[in-house]
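Student: Structure in structure tokens, see below.
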Amino acid sequence: MIEIIRANKNNIKDIQAISNVAWPHAFKEILSPDQIKYMMNWMYSDKSLQEQMEMDNHHYFLAKENDKFLGYMSIQHNCENTGKTKIHKIYILPDMQKKGIGKLLLNTAINETKMQNESAVYLNVNKYNENAIKFYQKTGFFLAKEEVIDIGNGFIMDDYVFEKEIVYE
Ligand SMILES: CC(C)(COP(=O)(O)OP(=O)(O)OC[C@H]1O[C@@H](n2cnc3c(N)ncnc32)[C@H](O)[C@@H]1OP(=O)(O)O)[C@@H](O)C(=O)NCCC(=O)NCCS
């Protein structure tokens, strides 16, 4: 059975092991190898992951089956003072995609957002990441806006921002 667990800095190596496979696979036809390397170092170095967890209030979750980690997600409540939760990262190992794990993680994000009484979850997705966009469309997100972000070193992120309203019963 696949379970979703909260991650902490003891899981940094587990998160990196998944990102080292999932990131290049997801972006090989979208970003240059140099940009992939730059972005992975920016977001997944030991120091960066530790800072995200301990200083920036990024909450990490792992999908786990037996002793194997299959995917991760990070979220941040009240991101940029919006009163909404941002899903910063959601990545599943390539051979475990389309088996419902993304939805399990997304449901976790939604439950965590509800516990904060927030109005929506949102995220950035690369405009050319068609698989992820299909997943977000399938799971009830709408296109909120487009965003081009200068991330330094001559690289940009050319993104859509997708949002999903939280429905309270
Ligand atoms: C995007 C991602 C997180 C989705 O997780 P997943 O486990 O593959 O998705 P799920 O199996 O939970 O799919 C949920 C629904 O979306 C649909 N879906 C998922 N990927 C799809 C695709 N590429 N095309 C069409 N539908 C898709 C599923 O069929 C399913 O529909 P259903 O509820 O009717 O059965 C995962 O594929 C992934 O890690 N991709 C690579 C990394 C990435 O791009 N991350 C997002 C960065 S912004």
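Student: For Met43, state whether it is assigned to a helix (DSSP H, G or I), within 15 Å of the ligand (Cβ to nearest atom) and either in contact with a strand residue (DSSP E or B) (Cβ under 9 Å, 6 or more places away or on another chain) or small (Gly, Ala, Ser) (or both).
Tutor: For Met43, the condition - assigned to a helix (DSSP H, G or I), within 15 Å of the ligand (Cβ to nearest atom) and either in contact with a strand residue (DSSP E or B) (Cβ under 9 Å, 6 or more places away or on another chain) or small (Gly, Ala, Ser) (or both) - is met.
Student: Give me the residue from segment 8-19 that is open to solvent by less than 100 Å² (accessible area, probe 1.4 Å) and out of contact with any helix residue (DSSP H, G or I) (no Cβ under 6 Å at 6 or more places or on another chain) and, out of that set, farthest from the ligand (Cβ to nearest atom).
Tutor: Restricting to residues being open to solvent by less than 100 Å² (accessible area, probe 1.4 Å) and out of contact with any helix residue (DSSP H, G or I) (no Cβ under 6 Å at 6 or more places or on another chain), the top hit is Asn8.
Student: Another question about this same structure. Can you name the residue in segment 21-51 that is of a type in the set (S, T, N, Q) and free of Cβ contacts under 8 Å to residues at least 24 places away in the same chain and is also most open to solvent (accessible area, probe 1.4 Å) among such residues?
Tutor: Filtering segment 21-51 for residues of a type in the set (S, T, N, Q) gives 32, 35, 41, 45, 48, 50.
From what is left, the residues that are free of Cβ contacts under 8 Å to residues at least 24 places away in the same chain are 32, 41, 45, 48.
Values: Ser32: 51, Asn41: 106, Ser45: 33, Ser48: 20 Å².
Only one residue fits best here, namely Asn41.
Student: Quick test for you: out of Lys99, Lys103, Lys89, Lys134, pick the one residue that is basic (Lys, Arg), in contact (Cβ under 8 Å) with a residue 12 or more places away in the chain and not in a strand (DSSP E or B).
Tutor: Just one listed residue meets the conditions, Lys103.
Student: For segment 32-61, name all the residues that are among the aromatic types (Phe, Trp, Tyr) and closer than 12 Å to Arg6 by Cα.
Tutor: Tyr60, Phe61
Student: Looking at (1) surrounded by fewer than 13 Cβ atoms within 10 Å (Cβ to Cβ); (2) away from the ligand (no atom under 15 Å from the Cβ), find the lone condition where Asn131 falls short.
Tutor: The one condition Asn131 does not meet is (2).
One line per residue, one yes/no per condition, for (1) more than 17 Å from Ala7 (Cβ to Cβ); (2) of a type in the set (A, V, I, L, M):
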site: Ala63; (1), (2): no, yes
site: Phe69; (1), (2): no, no
site: Asn81; (1), (2): yes, no
site: Asn111; (1), (2): no, no
site: Asp158; (1), (2): yes, no
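Student: Continuing with this model, one more query. Return the only residue of Gly154, Gly140 being in contact (Cβ under 8 Å) with a residue 24 or more places away in the chain and at positive phi. Let's see the steps before the verdict.
Tutor: Values: Gly154 fails: in contact (Cβ under 8 Å) with a residue 24 or more places away in the chain.
Result of the check over Gly154, Gly140: Gly140.
Student: Filter segment 106-120 down to the residues that are more than 16 Å from the ligand (Cβ to nearest atom) and either aliphatic (A, V, I, L, M) or part of a helix (DSSP H, G or I) (or both) and list them by number.
Tutor: Passing the criteria: Glu112, Thr113, Lys114, Met115, Ala120.
Student: What residue, among those in segment 67-84 that are surrounded by fewer than 18 Cβ atoms within 10 Å (Cβ to Cβ) and in a strand (DSSP E or B), is nearest to the chain's Cα centre (by Cα)?
Tutor: Gln76
Student: Return the only residue of Lys99, Lys89, Lys103 being open to solvent by 70 Å² or more (accessible area, probe 1.4 Å), near the ligand (Cβ under 8 Å from one of its atoms), within 15 Å of the chain's Cα centre (by Cα) and charged (D, E, K, R). Talk me through it step by step, then tell me what you get.
Tutor: Values: Lys99 fails: within 15 Å of the chain's Cα centre (by Cα); Lys89 fails: open to solvent by 70 Å² or more (accessible area, probe 1.4 Å).
None of the other options fit; the residue is Lys103.
The values are calculated or read from the model by the stated rules, or taken from the named source; none is laboratory data. Quick caveat: nothing in here was measured; it's all calculated off a predicted structure. Cβ coordinates were reconstructed from backbone atoms using ideal geometry, including for glycine residues, and neighbour counts include every protein chain displayed. In case anyone asks, the SASA skips ligands and DNA or RNA and just uses the protein heavy atoms, side chains included. Shrake-Rupley method; radii C 1.70, N 1.55, O 1.52, S 1.80 Å.
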